[in-house]
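K.L.:
Have a look at the structure that comes next, please.
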Amino acid sequence: MKTLATAFSAVVLAVSLSSCSFLTEKYAQNEKASAAFLADNKTAPAKMNIEGLWYSPQWGIVLLNQEGSKLDGVFQDYYAVKGVVSGKTAYITLTDDDWTEYTAILKYKNGEELVGAYSSYVPLNEKHQHDLVLKRIDR
């Protein structure tokens, strides 16, 4: 009986370690894809400043901070924003617990709106994208 318990414990430990390795690899792939999405789209100097408070019916309040072409902030109180502004287009990743959940591409429609799309793929998947409109609320 003691041998059976030891063997079972060894199997559980082996499965746990392989699961941990698998998750570590998945997180590394997600992080690499997120960084590539932002780096691949940083091609022009920023021609807009989108820093401020925004509102979206799907997402609620959105806070964006911009320094040069770099973005950070918060979507819906719990998704951390990382992004870049290239020309009049913003490329954004939304991260929760070190995992990029969504990517978005937004174009500057006018001083009061950002219009584009998001998806739960890294990079943004046009086949599975959803419309996204942010309206400025801090002016």
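K.L.:
What is the one condition in (1) assigned to a strand (DSSP E or B); (2) surrounded by fewer than 16 Cβ atoms within 10 Å (Cβ to Cβ); (3) not hydrophobic (A, V, I, L, M, F, W, C) that Thr95 does not satisfy?
P.N.:
(2)
K.L.:
Can you tell which of Ala28, Ala39 is within 30 Å of Arg136 (Cα to Cα) and at pLDDT 90 or above?
P.N.:
Matching residue, one of Ala28, Ala39: Ala39.
K.L.:
Looking at (1) over 15 Å from Ala39 (Cα atoms); (2) out of contact with any strand residue (DSSP E or B) (no Cβ under 6 Å at 6 or more places or on another chain); (3) touching a residue at least 12 places away in the same chain (Cβ under 8 Å), find the lone condition where Gln76 falls short.
P.N.:
The single condition Gln76 does not satisfy is (2).
K.L.:
Tell me whether the stretch 41-52 contains one or more residues that are more than 14 Å from the chain's Cα centre (by Cα), more than 20 Å from Ser120 (Cβ to Cβ) and assigned to a strand (DSSP E or B).
P.N.:
Among the residues of the stretch 41-52, at least one is more than 14 Å from the chain's Cα centre (by Cα), more than 20 Å from Ser120 (Cβ to Cβ) and assigned to a strand (DSSP E or B), which makes the answer yes.
K.L.:
A follow-up question, please. Out of Gln66, Gln58, Gln129, which single residue is in contact (Cβ under 8 Å) with a residue 12 or more places away in the chain and in contact with a His (Cβ under 8 Å, 6 or more places away or on another chain)?
P.N.:
Gln58
K.L.:
Looking only at the stretch 59-74, which residues are assigned to a loop (DSSP other than H, G, I, E, B) and more than 14 Å from the chain's Cα centre (by Cα)?
P.N.:
Answer for the stretch 59-74, where residues must be assigned to a loop (DSSP other than H, G, I, E, B) and more than 14 Å from the chain's Cα centre (by Cα): Gly68, Ser69.
K.L.:
Tell me the residue from Asn65, Asn49, Asn41 that is touching a strand residue (DSSP E or B) at 6+ places or on another chain (Cβ under 8 Å), polar (S, T, N, Q), more than 16 Å from Asp131 (Cβ to Cβ) and surrounded by 15 or more Cβ atoms within 10 Å (Cβ to Cβ), please.
P.N.:
Within the list Asn65, Asn49, Asn41, the selection yields Asn41.
K.L.:
Among (1) assigned to a strand (DSSP E or B); (2) on the phi > 0 side of the Ramachandran plot, where does Asp77 come up short?
P.N.:
So Asp77 meets the others, but not (1).
K.L.:
Under 6 Å by Cβ, and 6 or more places apart or on different chains, what pairs join a residue from the stretch 84-101 that is at positive phi with one that is among the aliphatic types (A, V, I, L, M)?
P.N.:
Gly87/Ala44
K.L.:
Tell me yes or no: at least one residue of the stretch 118-136 is within 17 Å of Ser69 (Cα to Cα) and of a type in the set (A, V, I, L, M, F, W, C).
P.N.:
no
K.L.:
Please verify whether Leu13 is modelled with pLDDT of 90 or more and either in a helix (DSSP H, G or I) or not small (Gly, Ala, Ser) (or both), treating the condition exactly as stated.
P.N.:
Judged against the criteria, Leu13 is not a match.
The values are calculated or read from the model by the stated rules, or taken from the named source; none is laboratory data. In this text the structure is predicted, and so the values were computed from the model without any measurement. Backbone-built Cβ (ideal geometry, glycine too); neighbour counts: all protein chains shown.
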